[in-house]
């Protein structure tokens, strides 16, 4: 069941379903690797920022605000 990235608990892997944002932010997130089908691991989800690691070739760690994380729709791996 798809949920926003901001609701995924720490130490959980999820697959991006879509980015539901305006054209500017969507383009920026796509360029960072937040594309449909990409896997992300939530390293830390506390009251502030959400820190995620993008799986795959880039292997980068990104900190996102809760507002931006709400716009990234994912499915949690079980």
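The values are calculated or read from the model by the stated rules, or taken from the named source; none is laboratory data. Treat the numbers as computed from the prediction; the structure is a model and nothing was measured. Backbone-built Cβ (ideal geometry, glycine too); neighbour counts: all protein chains shown.
Tell me, please, whether a residue that is out of contact with any helix residue (DSSP H, G or I) (no Cβ under 6 Å at 6 or more places or on another chain), in a helix (DSSP H, G or I), loosely packed, with under 15 Cβ neighbours inside 10 Å and modelled with pLDDT under 95 can be found in the range 54-62. Full working, then the answer.
Just the residues of the range 54-62 that are out of contact with any helix residue (DSSP H, G or I) (no Cβ under 6 Å at 6 or more places or on another chain), to begin with: 54-62.
Still in the running and in a helix (DSSP H, G or I): none.
Checking the range 54-62: not a single residue is out of contact with any helix residue (DSSP H, G or I) (no Cβ under 6 Å at 6 or more places or on another chain), in a helix (DSSP H, G or I), loosely packed, with under 15 Cβ neighbours inside 10 Å and modelled with pLDDT under 95.
Would you pick out the residues in the range 21-41 that are surrounded by 12 or more Cβ atoms within 10 Å (Cβ to Cβ), in contact with a strand residue (DSSP E or B) (Cβ under 7 Å, 6 or more places away or on another chain) and in a loop (DSSP other than H, G, I, E, B)?
The answer is 33, 34, 35, 38.
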